[in-house]
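First the structure, in the form of structure tokens, and then the observations on it.
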Amino acid sequence: MSTSLHYLFLKWQAIALLLFNQKSAALGRFESMLDLRPQDRYALASRAHVLAQLDRRDEAIAAMEQLTVAHPGQASAWFNLGFMLEQDKQYAKAEDAFGRALQIDPKLDRAWYGLALVLIQDRRYDQAVVALKKNTELQPMSPFGWYQLARVHVDRQEPDEAVKIIRHLKGFEPKVAAQLERETGLRIAQSS
């Protein structure tokens with residue numbers, strides 16, 4: 001069997017194994033794919049993803065780092081690395097990874113959001129506001145950036161700005177607006 005056919009056979013096996021929730025077996029197929037093509041983007045990314053699903057966090061991060069080394073121009077790989085690092089509370093490294101993702105693709109709204117979460121953890125609220133404004137500009141109907149932006153304004157002692165956001169959220173995400181009202185104690189009068 002040719003290398004290309006063997007690779008495809010392993011790939012289809014891995015996909016089938018994942019469909020049947022056989023993650024460990026699928027991981028073995030991704031490893032075999034990498035034996036054939038050590039720099040293969042799909043196999044590297046899939047291996048990292050499966051390792052994360054198996055809660056093998058350190059290995060997943062190492063696998064994602066390997067992907068970013070092999071394919072440094074992939075914004076999504078840098079974002080995923082940043083996400084994993086942020087989940088692992090490695091905030092400085094996560095900030096760097098999100099920053100790399102944004103250098104490659106400044107319109108990657110998820111990376112702006114991830115960067116903001118890291119900046120919030122570090123209490124760098126001014127920078128977090130900038131990142132969240134960029135996120136909400138790129139993804140205006142997603143409540144997540146708006147929610148965090150309102151929380152940051154409260155932390156910065158800017159309740160008027162938070163009220164504006166709550167009012168805005170009432171127009172398309174009333175449950176999130178109500179949650180912010182409960183959490184912040186800010187109440188928005190209903191307009192008649």
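Things to note:
- The single condition among (1) buried (at least 21 other Cβ atoms within 10 Å of the Cβ); (2) under 17 Å from the mean Cα position of the chain (by Cα); (3) of a type in the set (A, V, I, L, M, F, W, C) that Ala75 does not meet is (1).
- Residue list for segment 1-47, restricted to those being charged (D, E, K, R), buried (at least 19 other Cβ atoms within 10 Å of the Cβ) and farther than 23 Å from Gly73 by Cβ: Arg29
- Residues of segment 87-101 classified as assigned to a helix (DSSP H, G or I) and out of contact with any Leu (no Cβ under 6 Å at 6 or more places or on another chain), total: 7
- Exactly one residue among Arg167, Arg156, Arg182 is closer than 19 Å to Leu117 by Cβ, surrounded by fewer than 15 Cβ atoms within 10 Å (Cβ to Cβ) and either at pLDDT 95 or above or within 26 Å of the chain's Cα centre (by Cα) (or both), and that residue is Arg156.
- Verdict on Gln148 being buried (at least 18 other Cβ atoms within 10 Å of the Cβ) and among the polar types (S, T, N, Q): yes
The values are calculated or read from the model by the stated rules, or taken from the named source; none is laboratory data. Worth saying up front: this structure is predicted, and the values here are computed from it rather than measured. For neighbour counting, all protein chains shown are included, and Cβ atoms are generated from backbone atoms with ideal geometry for every residue, glycine included.
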